[in-house]
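The values are calculated or read from the model by the stated rules, or taken from the named source; none is laboratory data. Just so it is clear, the structure is predicted and the values come from calculations on it, not from any experiment. Cβ atoms come from the backbone with ideal geometry, glycine included; neighbour counts cover every protein chain shown. In case anyone asks, the SASA skips ligands and DNA or RNA and just uses the protein heavy atoms, side chains included. Shrake-Rupley method; radii C 1.70, N 1.55, O 1.52, S 1.80 Å.
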Amino acid sequence: MVRLMRRIGHLVVEHPGMVAGVSLCLTLFLYANIHNLRTGTDLTDMFGSRDPQWRAASQIGKELGYGNQLFVLIEAPKGNADNSADMEGMADRLTSEMAASGLFKQERSGLQQEELLNFVRLYSWNFPSFALPEQIGELKQRLDPQQIHKNVRQSATEMVTPFSSMGADYFVADPLGLMTVAAHNSQSFSQFAGFDLNWGSGNRFFSKDHKALLILAEPRESAIDYKFSGQVVQWTRQHIASISAEPPFRDSGVRAMQAGAYVYAEQDHKFIERNIRLVSLVSIIGNLTLCLFVYPSIPMLLLSLLPASLGILCTTGIASYYPGEVNLISLSFVAILAGLGDDQVVHFFNRIPQEWSKGRTYNEALIRTFETTGLSVVLCICTAAIATAALATSEFKALAEFGFILTVGMFMMMFHTLLTVPALMQLWGRLFKPVAPKAVTFRLLPFLAHKVVDFVGKHARLVVAGSAALFLLSVLLLPSIKLGGSFDITGGADDNAGIAQKSLSTEFNIEGNPSLFLIAGSQEDVLRRAEQLTAGLETYRQRGIVKSIFSPTSLLPSVYIQRQRAALLSTIDLNESARALDASLKEGGLQVAPHLPYLEQLNKLAHGPDPITLETATKYLPAGLLDNNIRRTKDGSYVAAVAYYATDANATQLIPPTVLASWRDQYGPFVDFSFNKINRDMQSRLLHDSRRALVWTAAGITLLVYLTFRSLRVALLVLMPICFAIIVTFGLLKLAGHPFTFMSITAIPLIIGIGIDNGIHLVRRYRESGRSSILVVAKASGAALIQSNLTTMIGFGALMAATFKPLAELGLVTSLGVALALVGGLCLIPAVIVLQDPKLGHGKPT
């Protein structure tokens, strides 16, 4: 390794222009693709495409279109005045402009009369498929020839239903009034139960208190497409503002607001951008301020910023190729790399003048720095990369991408630290003759390092005893630590999406996030299992745990159930009923011609009803009513969703896992999906992956440290500050009452991989120094150690400014861990060497 580093040093010294040129070409090549990098906010996509939860979310959003609705609430001003005309006018304007925009598949603020009539025909023309045992008596009575005359008269004059305003048209569609019986116990019309279709005009979606009118729109792309979601919400917001500014609507006081998945998507995207912009800005400004304060010259300052700047640029370019997208976790690499950027180059700056002062030429000092500090830089980058690469092996996609991007960033910074920066220094030296510095490399930090090391030298026993006591106390506190927290993105005071959703729920009883059972298979298979699962959920609804259930089988029963129901009516002579209806119409002086389709349907049902299928049912129903619950997929199979809502909005798990397992055994496979479940699974997956990454990181770094020093005692000495830092970090946070979440475990591999740098640099320098005292070595390296750790602490500490709590905790735990690793490296290692074995590690350098 020493020979390899020497060759790299000669390459940089002899061909700096070529090295700088290669670096420039690489940077430009990667920069050219940065515009293709996407920002994802979908939490379900953080699992990865192989995860059943991700596939469920994909089917729900993309194939079923479930939840892909944009709601616009048009609200009347406070007061008792009737503003229905103004509300309808605004709704008509907005839906008309939506239709012309090309952004929406459909948009409506009410139902057309023909749509309502088709809904009636679904039940009245196919009543055998919907007849429940308790309805058989009433149906037989209505179909009895002796009662037909009375039924016809009642249907024509006295029927009171949600459709009664349709008058003669309704009578033609359902002359026997079978709709009121067949649909009496069905929840199929529940989507419209929150609307008062009879108030106002045109069967509008008015709320029960008549103070709100709802527009239901389905955009052309899924809400999972966040770029499209932002476009839709922004377009709608602009057009609402434009319409509201017109005098008729401005003077009326009517206002409109958006709600639903697309609004959440846009808000989440802004949430991510705001958080990442904030933490990146804090990290960059914090580190720039520190460097301005510490570095004595502008050229040195600029060179120190190069590895971070070029590393971030190149890493972003690579991420734009793969994975092609960054999420809320992985995008934090900007703030982290800004803190890690000068961690290694500071040791270069610290070592070159020290080697130069020994009588060597500038080039000799640079090459010697490659052989010594350069090798330490490689080892430190490798240890940090082991930690991030361990995270990159996670099954949890978000954590894997985070680890991968950070690993790439580590090696990009090593590339620029060992090649780009020294090459530019060499080129600068050719233009301006380098002069050996007369002052120290850093301001203040050497003085601080000397004071700390002097204290350690005088009070080594106190340092070791105090550290041991703090360590033991922390060990005793570890069993009491409990992990909690959640992975929610919340808008806080700016949660306009949440406010709109609350209004939607209050006015129209349209809830936000249901729990879902997702079923795939043949049409009959998914419908049969949906019925069985709906029956299972019904017991929880009766117990008050489940508030409401939405199943496709309320509109489309399985063939099995349809045949069972039809069998209950097999004793009725429907041909006789048809003849009685025909005679009753003629006796009443009514035209028979409009009723011929109904009479033909009765005669057809007399020979045995054809089962209703998805294809036939869809012809009767308004778009979006059934196809959002069951749909045929591209491969010819079907997917159905049974949705249910909790009575307690804060409940996290309605159906116990043991019950779900028994239902799978009885009814067949299904995926239970909810955002609460995704949250729980994310936590479980993060814990599993973080623990595995911790094991791999600890094993890999332990092996690398041992192979580096070829001594078990030295390896343990180097690792000691890391064990101290991790245990004491958790102990101090527990003493402070910190509520731990699952992200605290994710921080541990990072603390190991980054914090080990102090021990590697210090112990390698000590072993290279021959007979020098550890205190002398610590003073020489202390300023660089402090500087590199301070920038890292600022980089991770900047994450604490995030309002996304898991990200903030990752910053808190990691920055505190790095600070304690610095204490362990600069204080504990010298103290232990002074007390136990001043000759430890003396011998040939590695």
Subset of region 632-646 that is open to solvent by less than 80 Å² (accessible area, probe 1.4 Å) and farther than 15 Å from LEU516 by Cα - its residue that is nearest to the chain's Cα centre (by Cα): THR633
Among residues of region 424-470, those that are part of a helix (DSSP H, G or I), under 44 Å from the mean Cα position of the chain (by Cα) and modelled with pLDDT under 90, counted: 3
Residue list for region 656-696, restricted to those being of a type in the set (Phe, Trp, Tyr) and assigned to a helix (DSSP H, G or I): TRP663, TYR667, PHE675, TRP696
Qualifying residue in region 110-120 (condition: modelled with pLDDT of 90 or more, assigned to a helix (DSSP H, G or I), among the acidic types (Asp, Glu) and out of contact with any helix residue (DSSP H, G or I) (no Cβ under 8 Å at 6 or more places or on another chain)): no
Qualifying residue in region 291-313 (condition: modelled with pLDDT of 85 or more, more than 30 Å from PRO446 (Cβ to Cβ) and part of a helix (DSSP H, G or I)): yes
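Based on this model, can you work out whether ALA821 counts as out of contact with any Leu (no Cβ under 6 Å at 6 or more places or on another chain), within 24 Å of LEU707 (Cβ to Cβ) and modelled with pLDDT of 90 or more?
Against the criterion (out of contact with any Leu (no Cβ under 6 Å at 6 or more places or on another chain), within 24 Å of LEU707 (Cβ to Cβ) and modelled with pLDDT of 90 or more), ALA821 qualifies.
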Residue within region 478-485 that is at pLDDT below 85, more than 30 Å from MET720 (Cβ to Cβ) and either in contact with a strand residue (DSSP E or B) (Cβ under 8 Å, 6 or more places away or on another chain) or surrounded by fewer than 13 Cβ atoms within 10 Å (Cβ to Cβ) (or both) present: yes
Within region 554-589, considering residues that are at pLDDT 90 or above and among the hydroxyl-bearing types (Ser, Thr, Tyr), the one farthest from PHE670 (Cα to Cα): SER577
Among (1) assigned to a helix (DSSP H, G or I); (2) over 28 Å from SER330 (Cβ atoms); (3) in contact (Cβ under 8 Å) with a residue 12 or more places away in the chain; (4) open to solvent by 30 Å² or more (accessible area, probe 1.4 Å), the one test that GLN653 misses: (1)
Residue in region 539-558 that is open to solvent by 30 Å² or more (accessible area, probe 1.4 Å), among the aromatic types (Phe, Trp, Tyr) and more than 32 Å from the chain's Cα centre (by Cα) present: no
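So, in region 712-743, of the ones that are open to solvent by less than 30 Å² (accessible area, probe 1.4 Å) and outside any helix (DSSP H, G or I), which residue ends up modelled with the lowest pLDDT?
The qualifying residue modelled with the lowest pLDDT is PHE742.
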Pairs where the first residue, in region 68-79, is under 12 Å from LEU504 (Cβ atoms) and among the charged types (D, E, K, R) and the second is open to solvent by less than 10 Å² (accessible area, probe 1.4 Å) and not in a loop (DSSP other than H, G, I, E, B), C-beta under 7 Å, 6+ apart: GLU75/ALA212
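Take region 764-775 and flag every residue that is out of contact with any Pro (no Cβ under 7 Å at 6 or more places or on another chain) and either over 17 Å from ALA384 (Cβ atoms) or at pLDDT 90 or above (or both).
Answer for region 764-775, where residues must be out of contact with any Pro (no Cβ under 7 Å at 6 or more places or on another chain) and either over 17 Å from ALA384 (Cβ atoms) or at pLDDT 90 or above (or both): ARG765, TYR766, SER769, GLY770, ARG771, SER772, SER773.
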Pairs with Cβ under 8 Å, 6+ apart, first in region 232-255 and at pLDDT below 95, second open to solvent by 60 Å² or more (accessible area, probe 1.4 Å) and part of a helix (DSSP H, G or I): ILE243/ARG93; SER244/ARG250
Considering residues of region 486-509 that are surrounded by fewer than 18 Cβ atoms within 10 Å (Cβ to Cβ) and closer than 30 Å to GLU531 by Cβ only, the residue modelled with the highest pLDDT: SER505
Residue check, THR534 crowded, with 18+ Cβ neighbours inside 10 Å, in contact (Cβ under 8 Å) with a residue 60 or more places away in the chain and of a type in the set (Val, Ile, Thr): yes
Neighbours by Cβ (under 8 Å, 6+ apart or cross-chain): first from region 756-774, touching a residue at least 60 places away in the same chain (Cβ under 8 Å) and under 10 Å from THR372 (Cβ atoms); second of a type in the set (Ser, Thr, Tyr) and surrounded by fewer than 23 Cβ atoms within 10 Å (Cβ to Cβ): ARG764/THR372; ARG764/THR708; ARG764/THR846; ARG765/THR372; GLU768/THR372
Pairs with Cβ under 9 Å, 6+ apart, first in region 318-347 and modelled with pLDDT of 75 or more, second open to solvent by 10 Å² or more (accessible area, probe 1.4 Å) and of a type in the set (Phe, Trp, Tyr): ALA319/PHE404; TYR322/PHE404; PRO323/PHE404; SER330/PHE404
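Within region 548-568, which residues are aromatic (Phe, Trp, Tyr) and touching an Asp or Glu at 6+ places or on another chain (Cβ under 9 Å)?
Taking region 548-568 as the starting set, the residues that turn out to be aromatic (Phe, Trp, Tyr) are 550, 560.
Result: TYR560, single match.
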Residues of region 790-820 that turn out to be open to solvent by less than 10 Å² (accessible area, probe 1.4 Å) and either without any contact (Cβ under 8 Å) to a residue 60 or more places away in the chain or β-branched (Val, Ile, Thr) (or both), as a count: 5
LEU602 being within 53 Å of the chain's Cα centre (by Cα), open to solvent by less than 40 Å² (accessible area, probe 1.4 Å), within 19 Å of VAL120 (Cβ to Cβ) and of a type in the set (A, V, I, L, M): no
Any chance ALA778 is part of a helix (DSSP H, G or I), buried (at least 24 other Cβ atoms within 10 Å of the Cβ), touching a helix residue (DSSP H, G or I) at 6+ places or on another chain (Cβ under 9 Å) and modelled with pLDDT of 90 or more: yes
Yes/no for THR746 being open to solvent by 10 Å² or more (accessible area, probe 1.4 Å), of a type outside the set (A, V, I, L, M), assigned to a helix (DSSP H, G or I) and closer than 19 Å to THR388 by Cβ: no
Output for region 94-125, where each listed residue is open to solvent by 20 Å² or more (accessible area, probe 1.4 Å) and closer than 22 Å to THR180 by Cβ: GLN112, GLN113, GLU114, GLU115, ASN118, ARG121, TRP125
Residues satisfying the stated conditions in region 666-701, i.e. open to solvent by less than 60 Å² (accessible area, probe 1.4 Å), within 27 Å of PHE742 (Cα to Cα) and not hydrophobic (A, V, I, L, M, F, W, C): ASP672, SER674, LYS677, ASN679, ASP681, GLN683, ARG685, ASP689, SER690, THR697, GLY700
